[in-house]
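Below is one structure, written out as structure tokens; comments come after it.
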Amino acid sequence: MAKQESKWTYIKKYRGVRVYCAANRAAHAELGENVAVYENGEIFVKHANPSIDVLRHEYRHAQQHRTWGVLFYPAYLFCHLVFGYDGNPFEVDAVAYERKRRG
């Protein structure tokens with residue numbers, strides 16, 4: 001996401017990660033079908049009040065990024081190409097982390 005202040009509005013921090021909300025149609029278009037994405041240490045969401053599940057999911061990607069460092073994006077992309085979105089181990093892990101809270 002290209003973080004231009006006119007496109008994104010800072011709304012809060014979630015566990016130390018800055019969260020931005022789409023401020024206009026251009027930002028919504030950048031997110032496409034996604035409700036939220038993690039990129040470069042920040043979370044970008046479509047709506048100003050994202051659910052705790054959405055935040056937990058994206059926060060897990062932040063943790064993965066910290067663990068994998070500069071290899072995170074190439075590894076994520078490789079897994080996406082090999083396994084698809086739903087089978088991507090990074091996504092499977094993020095979904096499990098998101099649901100763990102629900103019990």
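The values are calculated or read from the model by the stated rules, or taken from the named source; none is laboratory data. The shown structure was predicted, so the numbers you read here are calculated from the model rather than taken from an experiment. Every residue, glycine as well, gets a Cβ built from its backbone with ideal geometry; the counts of neighbours run over all protein chains shown. Ligands, DNA and RNA are excluded from the accessible area calculation, which covers all protein heavy atoms including side chains. Shrake-Rupley method; radii C 1.70, N 1.55, O 1.52, S 1.80 Å.
The set of residues from segment 22-49 being open to solvent by 60 Å² or more (accessible area, probe 1.4 Å) and basic (Lys, Arg) comprises just one member, ARG25. Scanning segment 52-69 for residues that are farther than 16 Å from ASN88 by Cβ and out of contact with any strand residue (DSSP E or B) (no Cβ under 7 Å at 6 or more places or on another chain) gives ILE52, ASP53, ARG56, ARG66, GLY69. Of all the residues in segment 6-21, those that are among the polar types (S, T, N, Q) and open to solvent by less than 80 Å² (accessible area, probe 1.4 Å) number 1.
Of the numbered criteria (1) of a type in the set (A, V, I, L, M, F, W, C); (2) out of contact with any helix residue (DSSP H, G or I) (no Cβ under 6 Å at 6 or more places or on another chain); (3) at pLDDT 95 or above; (4) open to solvent by less than 30 Å² (accessible area, probe 1.4 Å), the one VAL82 fails is (4).
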